[in-house]
Amino acid sequence: MTAPLLTTDDLTVRFGGHVAVDAVTCAFHAGELTAIVGPNGAGKTTYFNLISGQIPASAGRVTLNGQDISTASVSTRTKAGIGRAFQMTNLFPDLTVLENVRLVVQAKAGRGFNLWSMVTGHADLIDQAEDILARVRLLEERNQIVSELSHGNQRKLEVALLIALDPLIYMFDEPTAGMSVDEAPVVLDLIADLKAQSDRTVLLVEHKMDVIRTLADRIIVLHNGALAADGAPAEVMASDIVQEAYMGRGLEGVLDHV
């Protein structure tokens, strides 16, 4: 097997006397979508925060492409290839949907972060931004002010901005939460497309079992901040350690009611 794109080694964070993430060691490979599951308070979002740099680790390390990024800032990790949807949320809430995506495309292309320069001189980047908006079905809303978007369209815009960033690691924390039945499939289809890129890794925090069944190649289970199980979806849901961790209830039942 090829070397993993992302690893966490004994990754730990303590808040006072509480251990929120407890020595979690995992390796994530290109072309793989891993669902991270567990009940509320299990440490899922905190684990995401440690990987993307929102909070510093108390112990352990994070590596990306073999490079230790444990002490790197959020912006440095983003430039290195870690992309998390909410990092770009409401980037410029008073600008239009298209202007938001164009700015990310422009910055990714190394042409600076100047809105007016893009508008007047970079038609190719505008085309790229519009192509991304078409993928998330927001092209008709391209001239709408971001702060005026519906919740569902804001979630789709988060995905659009993440696609524009083009990271090595895509991180989604309950991407369809609050979305309507009609809106959610658009985001899930996009995540499936990203998973199909053999040089990218997708991490997904999710409670909905139908989503996990459809998308996940692998499940890791966090329980009280520690890694309780790691493997193929069917294997993990049937494992003794998971059954025990969830007090005799099947994992599926727990997840469906979290």
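Structure notes:
- Straight-distance crosslink candidates among lysines, where the alpha carbon sits under 28 Å from K44 and sequence neighbours closer than 8 are dropped: K79, K156, K195, K208
- Shape call, the range 129-252: gyration tensor on alpha carbons, a/c limit 1.5: prolate
- Rounded to the nearest 10 degrees, the inclination of helix 97-108 to the longest alpha-carbon principal axis of the chain is 80 degrees.
Bear in mind that the values in this text are calculations on the coordinates, not laboratory data. Please read all numbers here as calculations on a predicted model, not as lab measurements.
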